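First the structure, in the form of structure tokens, and then the observations on it.
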Amino acid sequence: MTKIKITREEFKVPAVAETAVSDTAVTVMDRPSEADRYDDITRDVVVPVLGLINKVGKLAEKFENRGGNFALGDALLGQSVAVIPVSIVKLVEEVAYQGRPLVYGESVPKVFSSAMEAYSAGYVVDKTRLAPNRVEEIAKVGYLVIAPQDNSSSDFMLEVGGLRLQPAQCTYRRSAFARIYYPLFNHAHGICLGRGLEYRGLNASRVFALAEAWTHQWTLQSKLEKNAKNSWWEPRISKGSILSAEVQSWVAKNYGAFGT
């Protein structure tokens, strides 16, 4: 069997001077084509992060020996948490520049709204991790976290249809991206197909909104993954029961305040 070897030289990355990329080429806005959304006061809402505690990191330091649990602010929610996904955004994020991988926590990666935008700035989407300038897909998900039955925290300040809710957001990378993004997007895409909605040419955020895909309660769970050297916790998501008409109507009216 013939072995095929891929080398760095096979990647044709557009030559671009380090100073040639203007700040306007790099976007940190979720909807860069709609400046009016940037001025919307709902963007000033500070939405807490729904985090998964791992073996190392800031959450591991804050919540000792609680690896595999989800945390929202100062509250531990357990290894399983009920959520209502209200928005998804797919972006691409810089992971290596001039052949040097970025180390999270030591540098701030550039984030692009699309692979084409990243390519224009001298990057490529490269899942083999060989290209000297590369980006990878990431997903930002906006949730309404449903309070566990034994949780009386005042953080869950929204009460709708018998549920106590708290807005939250989360960013998923690498294998976690595939575990979370694809089930959510496929759910929205399926609704579009079923209703005959025109979704071609739309990004993930617009497909999700067009489908009004916040129709179900979902469950986030943690799973311990292992390889030859390490082990770590990863999220999984599964679709559950359909929400009441009251909750669906409320989310359809208000979900824009909980974007990522």
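The values are calculated or read from the model by the stated rules, or taken from the named source; none is laboratory data. Remember, it's a predicted structure, so these values are computed and weren't measured experimentally. Note that each Cβ is placed from the backbone with ideal geometry, even for glycine, and that neighbours are counted across all protein chains shown.
A quick yes/no check of all residues on (1) within 21 Å of I242 (Cα to Cα); (2) among the basic types (K, R):
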{"site": "R174", "(1), (2)": "no, yes"}
{"site": "A178", "(1), (2)": "no, no"}
{"site": "Y181", "(1), (2)": "yes, no"}
{"site": "F185", "(1), (2)": "yes, no"}
{"site": "C192", "(1), (2)": "yes, no"}
{"site": "R195", "(1), (2)": "yes, yes"}
{"site": "L202", "(1), (2)": "no, no"}
{"site": "V207", "(1), (2)": "yes, no"}
{"site": "A211", "(1), (2)": "yes, no"}
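For region 122-150, the set of residues classified as in contact with a strand residue (DSSP E or B) (Cβ under 7 Å, 6 or more places away or on another chain) and assigned to a loop (DSSP other than H, G, I, E, B) consists of Y123, D126, A131, P132, N133, A147, P148, listed by residue number. Is it fair to say V111 is touching a helix residue (DSSP H, G or I) at 6+ places or on another chain (Cβ under 6 Å), of a type in the set (V, I, T) and buried (at least 18 other Cβ atoms within 10 Å of the Cβ)? The answer is no for V111. Cβ-Cβ distances below 7 Å connect the following pairs, each with a first residue in region 137-150 that is under 19 Å from T171 (Cα atoms), a second residue that is in a loop (DSSP other than H, G, I, E, B) and of a type outside the set (F, W, Y), and a separation of six or more residues or different chains: K140/T260; V141/T260; G142/G259; G142/T260. Could you please let me know if A118 is among the hydrophobic types (A, V, I, L, M, F, W, C), free of Cβ contacts under 8 Å to residues at least 40 places away in the same chain, closer than 27 Å to A211 by Cβ and crowded, with 18+ Cβ neighbours inside 10 Å? So A118 fits the description; yes.
Scanning region 112-129 for residues that are modelled with pLDDT under 85 and more than 21 Å from the chain's Cα centre (by Cα) yields one hit, T128.
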